[in-house]
Each structure stands twice: as C-alpha cells, then as structure tokens.
C-alpha cells in the first residue's frame with residue numbers, strides 16, 4: 001500500500017489534479033485491480049495520501065504529549081510545540097505539493113482532517129487536566145489551531161522558517177504562553 005501512496009505523490013508532482021488511478025497503478029508497478037483493492041477511486045487515493053501525511057504529524061504530537069506527562073505545563077507545551085514544528089518541517093515537501101495542487105486549506109473539509117484534529121485535541125487536553133473536560137478540550141483545540149495557523153503562515157511566507165531556531169523559539173514561547181492561561 002505504501003508503494004501506491006508514494007506513486008500517488010509522484011503522479012501529483014507530474015500531473016497535478018489530473019491524477020488518474022491508471023497512472024498511479026503504472027507508477028506503483030501494480031495492476032489497476034490491485035490499486036482498487038486498497039483505494040476504490042481517485043478520491044480515496046487523495047484521502048490516503050492526506051491521511052498518511054496527517055498520521056505522521058499527529059503521531060509526533062501524541063508521542064510528545066505522552067512523553068511530556070508529568071512535566072510542568074510549560075515544559076510539556078515546549079516539548080509538544082518543538083515536536084510539531086519539527087514534523088511540519090519534515091513533512092514540508094508533501095504539504096507544499098498538496099497546497100500547490102489543491103490550494104492551501106482546500107482539503108481541510110475532509111473527514112481525515114477532522115479525525116486528525118480531534119486526535120491532536122485529545123492528545124493536548126491532559127495539559128489542562130485540572131479543568132473540566134469540556135474546557136480542557138476547548139483549550140486544546142485553540143492551541144492546536146494556533147500552532148497549525150502559525151506553521152501555515154510560515155509556509156506561505158517562507159517555508160525555511162520551519163527550520164529556523166529563532167522562529168521555532170518564538171512558536172514555543174507562544175505555546176508556553178497559551179498553556180499558562
């Protein structure tokens with residue numbers, strides 16, 4: 001299945017939104033029938049690439065959040081923010097490709113994005129375990145949206161910012177300030 005996802009990214013680079021399942025199968029070195037066993041149509045391929053991309057990001061957030069349990073809120077926020085920026089930098093080529101082909105934010109209304117967002121909120125909510133669950137989830141949602149928004153702005157302005165230690169320190173300061181509230 002990963003060969004099909006890699007092939008989908010290659011075809012997106014070459015053909016953009018004109019991607020076809022036939023071309024993806026050809027690049028992946030599988031039959032169209034095999035491709036359809038995993039991905040029923042073109043949209044399923046796009047969702048698969050998006051889900052794979054988001055899985056990397058959300059898994060990094062979940063690992064950092066779990067590793068930060070027991071730390072102060074500020075230390076946990078720093079660890080999570082640094083992990084988030086690092087994975088966004090690592091996943092930058094896929095982000096740029098999807099943004100170029102589909103437009104910034106144009107895939108955000110898909111169920112895989114909503115599911116990933118929810119997982120991120122659930123990973124961050126324990127930072128506010130001293131608050132009612134509804135409030136903790138709301139605060140986690142705001143923190144997730146803020147981190148994503150800051151990274152999206154950096155990607156639009158200058159993607160190299162994601163690898164700039166001074167910029168990353170500013171994002172960490174924002175995250176630490178947010179959890180202290």
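What the table shows:
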quantity	calculated
Test: residue in the range 96-118 that is farther than 24 Å from residue 8 by Cβ and assigned to a helix (DSSP H, G or I)	yes
Residue 45 surrounded by 15 or more Cβ atoms within 10 Å (Cβ to Cβ), closer than 30 Å to residue 125 by Cα and either in contact (Cβ under 8 Å) with a residue 12 or more places away in the chain or outside the structural domain of residue 24 (by TED's automatic domain parsing) (or both)	no
Check on residue 15, farther than 17 Å from residue 98 by Cα and part of a helix (DSSP H, G or I)	no
Matching residues, the range 132-181, being modelled with pLDDT of 95 or more and not in a helix (DSSP H, G or I)	132, 158, 164
Residue count for the range 64-88, restricted to those that are surrounded by fewer than 16 Cβ atoms within 10 Å (Cβ to Cβ) and either within 20 Å of the chain's Cα centre (by Cα) or part of a loop (DSSP other than H, G, I, E, B) (or both)	7
Single residue of the range 154-172 satisfying the filter (within 27 Å of residue 73 (Cβ to Cβ) and without any contact (Cβ under 8 Å) to a residue 12 or more places away in the chain) that is farthest from the chain's Cα centre (by Cα)	166
Qualifying residue in the range 125-141 (condition: surrounded by 15 or more Cβ atoms within 10 Å (Cβ to Cβ), within 20 Å of residue 174 (Cβ to Cβ) and without any contact (Cβ under 8 Å) to a residue 12 or more places away in the chain)	yes
Matching residues, the range 28-40, being at negative phi and either in a loop (DSSP other than H, G, I, E, B) or crowded, with 17+ Cβ neighbours inside 10 Å (or both)	28, 30, 31, 35, 39, 40
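The values are calculated or read from the model by the stated rules, or taken from the named source; none is laboratory data. Remember, it's a predicted structure, so these values are computed and weren't measured experimentally. Methodologically, a virtual Cβ is constructed for each residue, glycine included, from the backbone with ideal geometry; neighbour enumeration extends over all protein chains shown.
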